[in-house]
Each structure stands twice: as C-alpha cells, then as structure tokens.
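Here's the structure, in structure tokens; my notes come after.
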C-alpha cells in the first residue's frame, strides 16, 4: 500500500470526516548557462502528500514532504486533536464531486528523453552561431517530470502526469549588452526544430546591429510580440477568477456576457492543444475542459472552482487559466509593421505589477529587445522603457492581430516549478503609454 | 545529523572533486488565514527535511538535492551531483576559481519569546480570530484578511575544507489587510505593511501592535476612497519605514548582488547597471547615504554565523558616505572582483543551489526624529506602506506606488492622497537624499518572499531603515 492509500485507509475509519488528499511526485533536471557556458547543473526531486480534512464546516490541512507512515500518523493525530476546536468556515459546502476522467494519454519522461549531453550539444551549436555576431548566450534548459493523484471522500480518484520542457536562450551582445530572446516550451520535444530556433534567434540578432536610441515618454503605436500579449492576458486573467470577484477586486465584476473588448478579441482556456503544456484537472479535481473566456469581445466566464461555485453561485469549471490562447487575426507581421509611421516593436516585458487590479492598471518595463519602427520598418534599437497602462485599455486599442499564433512558455518562480504555455499572435496596439526610459539596455 | 552530513561528505572525497559541500535542513511551517472574519485555512508542514550536495569538478559546478534523506537517496544524489558537474564541463570555457578558506565551526540556536509551535493551536486561533472579527467587512469595508505564518528551520552545513555549522531559528510573518469600496473603486490598507516578517515567534503580533491598528487601517482605507491624487509634477517625499525597506531592497540591494555583474541572473531576475570599475568611485547616493550588509546581527532574518558556502558572517560597507565601495559576493565572484567574500551565499532550503543573496541589508541611521523631518518640510508628501513595485532588469528605473500618502504643508500633515506614485533612476534618486532619521526611528523590516534564481527560490531577509527624505522626485505618473 502506498502512502496515499494508507492515509485514505486511516481517514476512511472516520466517517464524520470529509477529506481531499493528494500526492505529487516531482523531479527536475535544470541546466543554467551564462556567457555561453554552464553556470550550474541541478537535479532535484520531491514527493509531497497534501491533505485537507473537514469536519462539518471546520477544516485543517497539512503537507508532508518525503512522506512516511510515522509522519502521516503524527500529522493526522495533530489534525484530529485540533479540528473540533477551530472556528467554522460558513462558506464551505462540499468537496468536488465531478467524477469525469480526462482522456488517457502517454506522457514521456523528458528528463530521460533529453539527457544533459544532448542539452549541452544543442547549446554549443546555438552558442557557435551567436558568437559569429559577438553575442554570448544566457538562459536555462529545464526538463521536469511530475505525477499527481487526488482522492477525496466523495469517491473522486484522479491521476495525471506531465513532463514540461522549457528552453530559454537570451543572446547578449558582448559590448552593447543588447539582448534578444528565443524560447521553446511544451511537452513534445518533437516540435523542437533546432535549425528554425537558431535561425529565428539569428534574425533577431541581426536587428541589433543598428544604433541604440532613447525615445521620449508618450503614446506610441506598438507591435507587441506574442510573449508580451500573452503576459498581459495572463495578468488580465487574474480578474477572471471567482475568488478575485468575491474580493471585489475584479475588473470583470458586473460584466458577464457584456461586450468588454473589440470583436476581434477572443480568449480561450484550452487544455487540449498538443503543442502546449496540457492540464487534465483543476486543483480540486474537476476535469479541465476548453473554456471560452472572451468570445468576440464578450466576457463569457469566470474561472470558478468548487468552493467559489458554492459561495458565489457561479457555474463551476475548475479552470485556472493555465492553457490560455488568444485567437489570431488576419494580418501578417510585415503588414502590421508596414502600417506604422513611427512606433515601437516590444519583444518582452519585465516586472509588471498591478497598481489597482480592479482597474487593471499596472506598470512594468520592456526587456530583451525593444526596437524603433520608422516608416514601416524596424530601424533602431531602443533602451528599455517603462509603461503605465490599463490592460483593458490595451486590449481596447488592439487594431490588428497576426494571422497565426506562437507558443510561449513561462517558467514559474517564487518556489514554483510550474511551466505553462500560452498561445498568442503579434498584436498592433495604438496609444500605448510609455512613461519613461531606463537609459539602459 | 552531524554524523550523516559528515558521512555524506566522506563519499565526496574523490580525486577530481576540488570542493564539496553538503547541507541538510529540517523545516517546520504553520499558517493560519482568516478571511472576512472567518477561518479559511489552518495548516502545517512539519519535519520537512532536505539535503543538497554541491561539487566542483574541473571548474564546473554540479548539484543534486532531495527531500529524501535515506541512504539510497543520498548515494544517488552523490552520483547525480558528480555526473552533473562532469557533463556540464563539456559546455564551459572559463573554469571556476574557488580560493580556499580556513575551516570554521559554529553553533547558534535562537529561541523566540513565545514559541508558536509550543503554543496551543486554539490560543493562536483565538488571537487571530479576535483581529479578524475586528476588521470584518461592514459598511464600505468589503474584504479583510488576517494571516500568520510561523517557520522554524534547523540547518547543518559541512564542507570539504572542514567547516561545520549547526543553527536553528524562528521567523514569523504576521499581516492583516482591509479593502474598502464605494461600489466603483477599491482602496486597501495593510498592517504593518509589505515587509511585516521578523525574527521571533508569536510575540510579533503584540510587538507590532496589531490590535491597536485595526481601527486605523479601516478608517484610512475608507478615507482613501475620497482622497485626491497628487497633482504636483515633482515633490519632496519622505518615505516611511513601511516602504523604504522595499525601495532599498530593489534599487540598492539587488543592484549590488555581484552575480548580476557577471550575467548569472540575466535569464530571470536580470543584471545590474553596476560595473566592476565603479567600485571605490561611483557616487551612488548623497554623502548622507551609508548602506551595509550585515549577517552578524541576530535580530535580523539574515543572521548566520557561516553562510551556505562556509564564509563566516560579516558586516560589510556597501555604500560609504554615498560612494559605492563593495558588493555582495560569493567566493567565486569575490575572486573575479578582487574582493574578500562578503558572506552572502544563501539557499532557501538544503535542496536549493546557493545564490548571492541579501542578508540584513541596511540603511544606516542619520539623526533626528520623523516628527522633526516633517516639521522641516515646507511642501511634500510622506509616503508609506508599499502597494506596487517595479524596477527594470538593470535595477536602474523604478516606479513605486504606496498605499497612502500624507500631504505636508508648512511642516504639518494636512491630509491624505491616494495611490501616490513616484518614479526615478536609482543614482539620481539616492543622490537626492537630504535627510535620514536617527537611531530612534531605525527598525528592521523583513520579508519571507524575495524571489531569485532558477529554479526559483524565495529568501527570508531583513532591511534596517529609518525614514528618509528625497528632494524633487517625479510624482507625475497619471494612470
């Protein structure tokens, strides 16, 4: 009997309790490189059991790393001793009861499929190409493997596996420090084309040979690279959460089924795209299905788990915006750039934070390649810029979307090892509010 | 554990391993969270062990970590760390130079006034519940939360030079927040602000005067709904301790982490505008600005007798009379800069790779009280309690918004402003500092959540600050 089954068997002896218990096994092989050489290689693994135990509306939860029976018994004893003495949460009704299982799928362990010598070989090749233009490469090459099982007292028993890959290469010019970025992410390394990846990076490097300039604060026509649009949508999705709605901090409060953006803006949370890192279940075990969030500019759904469905009355979906896709438009990138007399191409964003989430106002900076567009073509490198904007305003100022999407990976931080992908096209945005220059690349 | 760590180290006595260290941590965590007056979560994670093995082979680092301390797991980690170093060496041009240090031995065991892990759970619950009920939604207060997180960590460190250290400490993160709404906009206030953690146990709730400030934050959140915004383009600002800690953290602390000079953090946290040649001559701030890194003060979260690569704790001037004089370094980076290592290599848990990290990173006090500083300000704003922060990847261009601003006219506070936002360039900003309050206003402000590195780590650290005034700052950001 494994440790999760053991915990279940003990909890089942207490019919007065409800419970939701999980076991996650997680490992990573992580190569971090700088100046076109290894910084460090890390291998890590961890097994964690998590438990939420309810007695009526009272609850206690615990996590056990590297679980063994002695630790489980101690944690349970602790929980059972205290649970009667705790105050109630009047909003708790019941645990997840959706029994729907995701389509079974075979998940290859990419830690084994992409060994360290293959990683260093690929990086050596990319480094050699970049060095011809006096650029060094910096970044990370990560492979994770994780399995997850969730059991609750309603009879739910679900398992899933995933093995995300994340390759981020920043090429930095040895003198000017101008930086450009290329990434790959997903679960299927068969989609990785080393030649295309390197060519795309080289194309960006070639843009960097031009003069570096500052631009004045003001409102600009900008082309947002897919990474930028993806990140703005990730931030926007914060306000689509029923939890945030319940806290009166959501811009979407009172806007369900209303036109909030132009008709060419559609956003969907779609776990089924094989090119992306997929999600089988939400954190409480509800199946993760395709969920239109914005359809032709109309806001369609809050992200709502079991707890907040009971609390707010909103329909439950279990989605967490982990598989966001912004639908493409009908323009080529060249057409969009070609239509701009004076504007900016923004490759990547840095350190965004909400000023007021209810207004979607935030500030942040550009990073890894900001370029001046003059008379329909990229002409100069621009020092990084600060913007202060509202995301809803940015989306309402989108006047063009590229005719296809790129898959953009984002790696977790703050002790999160999650890797997510977002699909997004380039976007042409009018009147983007640049508030200052950093004077640095 | 001492035996286990030394046995593990013995397994690393291999001819091609020029340096090795092993760390073991055992961590307990407990957290209570009340939302809108009701308990939403009470949980714990006890006896969480971790081990990390770091080796240097032919100038390349390899590392392996796990939460499993079994003999079989440790054997596997030894093999993996060695493999990672050897294979990583095939993609390397400059071998790591790692000057030797003498062996040292250290023991330190901190005890809080009120041990949160020995205190009955119902007593902790009752205390936080009282606070939660005091700030429960009513009228224009639409949301509230009270949270306490308690952490106890025991750490063992040993390296191939013979250094051994065994330490333990308690840290606590208490915070409460209210959100007010008039049906349209929202405004929020926290207590005691963004960096509310501290070294200690449950006594922090009392020391930080939570019960005494529930009415204040509710009133201020509601008053902010009708408060004006700053109309000036530029103004003199006094920054209170509840925000200055973060200004120091972002624009000096991270900027002077020397791994950034060499691009080791470009892929995530970023680089720095500082260049090696600036040391000893760069006018970072006005002559009133003195900033130091101090891992020798046990009152801060950054205290350690020995860092995570065997360097004894130190107090090091970083900015002296406004001039940049040193950096926060590791042994590897100190060698590259021709400096002595500053004892700043830290990892969150034993299975994390150590990085250059702030410890107790402090602005030295000047003189005078906050009251006197306000009285000497003809027109300006006292800004306090961090709301939003952002800085570029060179640590040069920042923008902050605080929860509240207090307007100063004729040396007196005359009202409040909402969402006061200011921005600047690091060097210009610190050179505009014309006053730092005295020791009586100086205090530590600490966080559990300084993110850096890949895989991502969050570090617990402290900043000592006293309120300071900055002249003619750009406050013209309109959203």
Residue pairs meeting the criteria (Cβ under 8 Å; at least 6 apart or on separate chains; first within 15 Å of residue A:164 (Cα to Cα), in region A:106-133; second in a helix (DSSP H, G or I))
A:110/A:189; A:113/A:189; A:114/A:189
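Give me the residue from region B:87-120 that is outside any loop (DSSP other than H, G, I, E, B) and touching a residue at least 40 places away in the same chain (Cβ under 8 Å) and, out of that set, farthest from residue A:40 (Cα to Cα). Step through it out loud before you land on a result.
Taking region B:87-120 and keeping what is outside any loop (DSSP other than H, G, I, E, B), we get B:87-91, B:105-109.
From what's left, touching a residue at least 40 places away in the same chain (Cβ under 8 Å): B:105-109.
Details: B:105: 27, B:106: 28, B:107: 30, B:108: 30, B:109: 32 Å.
My answer is B:109.
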If I ask for residues that are free of Cβ contacts under 8 Å to residues at least 40 places away in the same chain and under 24 Å from the mean Cα position of the chain (by Cα), which ones from region B:192-212 would you list?
B:204, B:206, B:207, B:208, B:209
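Quick test for you: out of A:411, A:436, pick the one residue that is buried (at least 16 other Cβ atoms within 10 Å of the Cβ), over 19 Å from residue A:231 (Cβ atoms) and modelled with pLDDT under 95.
Just one listed residue meets the conditions, A:436.
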I'm trying to understand the selection: among the residues of region B:402-419, which are over 15 Å from residue B:221 (Cα atoms) and either surrounded by fewer than 21 Cβ atoms within 10 Å (Cβ to Cβ) or within 14 Å of another protein chain (Cβ to nearest Cβ) (or both)?
B:407, B:409, B:410, B:411, B:412, B:413, B:414
Any idea which residue in region B:86-98 is surrounded by the most Cβ atoms within 10 Å (Cβ to Cβ), counting only those that are within 30 Å of the chain's Cα centre (by Cα) and under 26 Å from residue B:51 (Cβ atoms)?
B:96
Among the residues of region A:341-357, the number that are more than 10 Å from every other protein chain (Cβ to nearest Cβ) and surrounded by fewer than 20 Cβ atoms within 10 Å (Cβ to Cβ) is 2
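Yes or no, residue by residue, for (1) surrounded by fewer than 22 Cβ atoms within 10 Å (Cβ to Cβ); (2) out of contact with any helix residue (DSSP H, G or I) (no Cβ under 9 Å at 6 or more places or on another chain):
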site	(1), (2)
A:51	no, no
A:62	no, no
A:69	yes, no
A:80	yes, yes
A:94	yes, no
A:128	yes, yes
A:133	yes, no
Which members of region A:388-408 meet the condition of being surrounded by 24 or more Cβ atoms within 10 Å (Cβ to Cβ) and out of contact with any helix residue (DSSP H, G or I) (no Cβ under 9 Å at 6 or more places or on another chain)?
none
Any residue in region A:186-193 that is crowded, with 16+ Cβ neighbours inside 10 Å and not in a loop (DSSP other than H, G, I, E, B)?
yes
Checklist (1) facing chain B (nearest Cβ under 9 Å); (2) without any contact (Cβ under 8 Å) to a residue 60 or more places away in the chain; (3) within 26 Å of residue A:282 (Cα to Cα) applied to residue A:157, failing item
(1)
Provide a single number: the residues in region B:278-329 that are over 27 Å from residue B:97 (Cα atoms), touching a helix residue (DSSP H, G or I) at 6+ places or on another chain (Cβ under 9 Å) and surrounded by fewer than 22 Cβ atoms within 10 Å (Cβ to Cβ).
4
Count of region B:126-163 residues which are in a strand (DSSP E or B), touching a helix residue (DSSP H, G or I) at 6+ places or on another chain (Cβ under 7 Å) and closer than 20 Å to residue B:345 by Cβ:
2
For region A:225-254 the number of residues that are outside any loop (DSSP other than H, G, I, E, B) and over 18 Å from residue A:295 (Cβ atoms) is 15
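Scan region A:76-87 residue by residue and report those that are within 35 Å of the chain's Cα centre (by Cα) and at the interface with another protein chain (Cβ under 7 Å from one of its Cβ atoms). Walk me through it before giving the result.
We begin by selecting, within region A:76-87, every residue within 35 Å of the chain's Cα centre (by Cα); these are A:76, A:79.
Residues satisfying the conditions do not exist here.
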Subset of region A:394-441 (residues that are within 30 Å of residue A:278 (Cβ to Cβ), away from chain B (no Cβ under 14 Å) and not in a strand (DSSP E or B)):
A:395, A:403, A:404, A:405, A:425, A:426
Based on this model, can you work out whether residue A:149 counts as more than 14 Å from chain B (Cβ to nearest Cβ) and either under 19 Å from residue A:29 (Cβ atoms) or touching a strand residue (DSSP E or B) at 6+ places or on another chain (Cβ under 8 Å) (or both)?
yes
Among the residues of region A:36-49, how many are surrounded by fewer than 19 Cβ atoms within 10 Å (Cβ to Cβ) and either more than 9 Å from chain B (Cβ to nearest Cβ) or within 30 Å of residue B:261 (Cβ to Cβ) (or both)?
0
Among the residues of region A:288-336, which ones are surrounded by fewer than 19 Cβ atoms within 10 Å (Cβ to Cβ) and part of a strand (DSSP E or B)?
A:292, A:295, A:298
Note down all Cβ pairs under 6 Å where the first residue falls in region B:437-449 and is within 14 Å of chain A (Cβ to nearest Cβ), the second is in a strand (DSSP E or B), and they're at least six residues apart or on different chains.
B:447/B:197; B:448/B:173; B:448/B:197; B:448/B:460; B:449/B:458
Would you please list the contacts, defined by Cβ atoms under 7 Å and residues six or more apart or on different chains, that run from a residue in region B:121-136 that is within 11 Å of residue B:205 (Cβ to Cβ) and in the same structural domain as residue B:36 (by TED's automatic domain parsing) to a residue that is modelled with pLDDT of 95 or more and surrounded by fewer than 19 Cβ atoms within 10 Å (Cβ to Cβ)?
B:131/B:211
Can you find a residue in region B:444-453 that is surrounded by fewer than 22 Cβ atoms within 10 Å (Cβ to Cβ), in a loop (DSSP other than H, G, I, E, B) and either in contact with a strand residue (DSSP E or B) (Cβ under 9 Å, 6 or more places away or on another chain) or in the same structural domain as residue B:347 (by TED's automatic domain parsing) (or both)?
no
Could you check region B:35-56 and list, in sequence order, the residues that are more than 9 Å from every other protein chain (Cβ to nearest Cβ) and either free of Cβ contacts under 8 Å to residues at least 24 places away in the same chain or crowded, with 24+ Cβ neighbours inside 10 Å (or both)?
B:51, B:53, B:55
Looking only at region A:283-293, and only at residues there that are at pLDDT 95 or above and under 18 Å from the mean Cα position of the chain (by Cα), the one that is farthest from residue A:106 (Cα to Cα)
A:293
Could you tell me whether residue B:263 is closer than 19 Å to residue B:457 by Cβ and assigned to a loop (DSSP other than H, G, I, E, B)?
yes
Every listed condition ((1) at the interface with chain A (Cβ under 9 Å from one of its Cβ atoms); (2) out of contact with any strand residue (DSSP E or B) (no Cβ under 6 Å at 6 or more places or on another chain); (3) part of a helix (DSSP H, G or I)) holds for residue B:68 save (3)
Odd one out for residue B:324 among (1) closer than 30 Å to residue B:51 by Cβ; (2) over 18 Å from the mean Cα position of the chain (by Cα)
(1)
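The values are calculated or read from the model by the stated rules, or taken from the named source; none is laboratory data. The shown structure was predicted, so the numbers you read here are calculated from the model rather than taken from an experiment. Reconstructed Cβ throughout: ideal geometry from the backbone, glycine too, with neighbour counts over all protein chains shown.
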